[in-house]
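Undergrad: After the structure tokens below, expect a handful of questions from me.
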Amino acid sequence: MTRLPAWIEYLLIPIMNLALAFAVAAIVVMLIGESPIDALTVMINGAFVYEGALGYTLYYTTSLIFTGLAVSVAFHASLFNIGAEGQAYLGGLGALLVALALQDWLPIILMIPLCIIGAAAFGALWALIPGWLQAYRGSHIVITTIMFNFIGAGIMVGLLSGSLMRPGQSNPESLLFEDSARMPQLHSLLGELGIEIGRSPLNLSIVFAAFACFGVWLLIWRTRWGYALRAMGASEPAAHYAGVPVPRMIVTAMCISGALAGMMAINTVMGDQGKVTLGFPAGFGFTGIAVALMGRSHPVGIILAALLFGALLQGGSELDFEFQTITREMVLLIQGLIILFSGALSLMFVPWMERRFARKEIA
Amino acid sequence: MTYLDFLLVFDSALRLATPLILCAMAGLISERAGIVDIGLEGKLLAGAFAAAAVATLTGSAWMGLCAAIASSVFLSMVHGFACITHKGEQIISGIAINILASGATVVASVALFQRGGQTPTLDRDERFSPIDLPGVDTLADVPWLGPLWKELISGHTIPVYIALISVPLIWWLLWRTRFGLRLRAVGEMPAAIDSAGVSVTWLRYRALIIAGILCGIAGAFLSTAHGAGFVREMSAGKGYIALAAMIFGKWKPWSVLAACLLFGFLEAGANRMQGTPLPIVGEIPIEVVLILPYVATVILLAGFFGKAIPPRALGTPYRKER
């Protein structure tokens, strides 16, 4: 088998796949009867230029870093965690329960780490069960995580419209996080230091997201455990012969993955809304799959991909205001195309590239 | 509850089970050929939109059905292009199709109708209306059988009957024809089929075409028979429940049918029981009943009762030896 040079494999092919996805989206915009250039300009302005726009973009990016990392850790073990959506949802419950139990007594400096632990623990729990079932009972992780998304959503609807519902609400919403359990927003933090930035829900979670990226890199590429994990992902029987306790590794990998997904909740729930709302993960768990694929499961790639999708999401919401006939669901379409071209069809250009590359080698 | 109440619950269970049966049969034929199909949800949604949009534009439910089938088969072919021709990851392709469909249906319906992602409400003659089977009046006075015939068996829309016919049809196709034998073999051991000189690729593509047709009919049922127009995200996870039912029925048509009916019955029962306490357990929240299909599937997959064995070559692209 020929190996492609790194710049083709990690730069050219991803860019070609991405370009293809955007080209199809541009054709769709033209079919609708609008100019793709105009739509792109609106999206770029909406994502970066307008006041507070960048803050929103980075806020979405933060959520996507968490879910993207979550999916990538499982990917390294060649496990497919489609359950990040449900794990993030349950993570919100974890943070909420910790906050409701302790927020009247403890100061913010203790509450924030405790709530993060709560979110991570519940996310991990929601991945632990599918992981355990895969490792010890042989049920397929993809199916169980899909099922757990729905089971989690059902439980959350029950709780949010039942015992955790805030009285006097018509929509199912949880009780509120007090200020002591809220993630400080950057515009108010920087405002106290005398630096003015536009209002946005961007909050301290982005710092935790950066730590998480570093932590995942360290864990996967700089520890024995990470080596064993990648070995298992490359070949399970080989890892088994080398003495890797495969079932236990599967369970731990899923727990870490779920914990990272659960931590998405600290960004949306504690950093912005201050309450758990119905369906708050809003598809970010699924977008995390796209982020992990685009980012080649590497933290640096994940940051870049999360930024791309964060910008798409924020810029896409601007489409609603500027066009009669294009809405933010355009972004969902683009997202689907990106997953298709850079995920499912990622090998499309490879044979062609290999032929070209082989020709070069002879010459 | 009276006999008539029971019949009405079963009647509504049958209607709720219809999209599940069609999608589960689609999933069954595709997975029997070795292709994982978690894109059922997306195909169902795309079908629902295409049916409603074309029915609105042409005024004909049948044209809507054709459009639903076309759009769903198109997505199936995208899946095939990615997973069969380019040997891509089947689960990723399925997710892409689901996300693509949930974006594209809203984009297209906003572009066409500008109603915030909905299609205009369909008139009676733009929809499939319930048809009365012969004998409703003659049997009306017969006790037990009369109401059974009138309430449960008769008075459904055409897609409901198509769904019921699809089960024996798929069974016959897979277990009584040469095509079916080869199709099942391609899901177990594609190399054997290849060495017999039969094209693995073409067999798998045909399985996906049939799956697309079935999902398209299911979509048309949602928007032009059960409902009266397309609403965003109207598939509401039914494609995934169908997937669960397919696994729960262990990839066998009749068991899958039973699982679909059971899941439909659970939902119908939950709707009916909402707010009324049951003996011993008291009032059951509807959410609990609605997650039961998923819980049951997880328990089954874990091997705690019975064992669900998927086709052996499921999920692995076939590479021809050179």
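The values are calculated or read from the model by the stated rules, or taken from the named source; none is laboratory data. The structure presented is a predicted model; accordingly, all values stated were derived computationally and were not measured. As a convention, Cβ positions derive from the backbone with ideal geometry for all residues, glycine included, and neighbour counts pool all protein chains shown. For the accessible areas, the whole protein counts, side chains as well, though only heavy atoms, and no ligand, DNA or RNA atoms are used. Shrake-Rupley method; radii C 1.70, N 1.55, O 1.52, S 1.80 Å.
Undergrad: Go through (1) open to solvent by 50 Å² or more (accessible area, probe 1.4 Å); (2) closer than 19 Å to A:Arg137 by Cα; (3) in contact (Cβ under 8 Å) with a residue 12 or more places away in the chain for A:Trp217 and report which single condition fails.
TA: It is condition (2) that A:Trp217 fails.
Undergrad: Quick one: how many residues across region B:234-268 are within 13 Å of chain A (Cβ to nearest Cβ) and among the aromatic types (Phe, Trp, Tyr)?
TA: Result for region B:234-268: 4.
Undergrad: Follow-up question, since we're still on this one. Would you be able to tell me the number of residues in region B:62-73 that are open to solvent by 10 Å² or more (accessible area, probe 1.4 Å) and touching a residue at least 12 places away in the same chain (Cβ under 8 Å)?
TA: Start the filter on region B:62-73 by keeping residues that are open to solvent by 10 Å² or more (accessible area, probe 1.4 Å), which leaves B:62-63, B:65-67, B:69-71, B:73.
Now narrow it down to the ones that are touching a residue at least 12 places away in the same chain (Cβ under 8 Å): B:65-67, B:69-71, B:73.
Going through region B:62-73 one residue at a time, the tally reaches 7.
Undergrad: Scan region B:101-134 for residues that are within 14 Å of chain A (Cβ to nearest Cβ) and open to solvent by less than 20 Å² (accessible area, probe 1.4 Å) and report the count. First the steps, then the outcome.
TA: Of all residues in region B:101-134, those within 14 Å of chain A (Cβ to nearest Cβ) come to B:101-118.
Now drop any that are not open to solvent by less than 20 Å² (accessible area, probe 1.4 Å), which leaves B:101-103, B:105-107, B:109-110, B:117.
So the count comes out to 9.
Undergrad: Another question about this same structure. Quick check on region A:143-172: of everything there that is within 19 Å of A:Cys115 (Cα to Cα) and open to solvent by less than 30 Å² (accessible area, probe 1.4 Å), which residue is farthest from the other protein chains (Cβ to nearest Cβ)?
TA: Restricting to residues being within 19 Å of A:Cys115 (Cα to Cα) and open to solvent by less than 30 Å² (accessible area, probe 1.4 Å), the top hit is A:Leu164.
Undergrad: Within region A:162-183, can you find the residues that are free of Cβ contacts under 8 Å to residues at least 60 places away in the same chain and either in contact with a Gly (Cβ under 6 Å, 6 or more places away or on another chain) or not hydrophobic (A, V, I, L, M, F, W, C) (or both)? Talk me through it step by step, then tell me what you get.
TA: The initial filter retains those residues of region A:162-183 that are free of Cβ contacts under 8 Å to residues at least 60 places away in the same chain, namely A:162-163, A:165, A:167-170.
Correct list: A:Gly162, A:Ser163, A:Pro167, A:Gly168, A:Gln169, A:Ser170.
Undergrad: Also, I was wondering about something else. Which pairs do you get when a residue that is of a type in the set (Ser, Thr, Tyr), found in region B:195-219, comes within reach of a residue that is assigned to a helix (DSSP H, G or I), reach meaning Cβ atoms under 6 angstrom, with the pair 6+ apart or on two chains?
TA: Final answer for the pair search is B:Thr201/B:Ile84; B:Tyr205/B:Gly80.
Undergrad: When you look at B:Ala191, is it within 21 Å of A:Ile146 (Cα to Cα), at pLDDT below 90 and in a helix (DSSP H, G or I), yes or no? Reasoning before the result, please.
TA: On the way: within 21 Å of A:Ile146 (Cα to Cα): no; at pLDDT below 90: yes; in a helix (DSSP H, G or I): yes.
Judged against the criteria, B:Ala191 is not a match.
Undergrad: Now for a different question. Output the number of residues of region B:74-94 satisfying the condition of being under 20 Å from the mean Cα position of the chain (by Cα) and either open to solvent by less than 10 Å² (accessible area, probe 1.4 Å) or more than 9 Å from chain A (Cβ to nearest Cβ) (or both).
TA: The number of residues fulfilling the criteria is 9.
Undergrad: For the list (1) touching a helix residue (DSSP H, G or I) at 6+ places or on another chain (Cβ under 9 Å); (2) part of a helix (DSSP H, G or I); (3) not polar (S, T, N, Q), I need the number of the one condition that B:Ile165 fails.
TA: Of the numbered conditions (1) touching a helix residue (DSSP H, G or I) at 6+ places or on another chain (Cβ under 9 Å); (2) part of a helix (DSSP H, G or I); (3) not polar (S, T, N, Q), the odd one out for B:Ile165 is (1).
Undergrad: So, one more: Looking only at region B:25-47, count how many residues are over 22 Å from A:Leu333 (Cα atoms) and away from chain A (no Cβ under 14 Å).
TA: Result for region B:25-47: 8.
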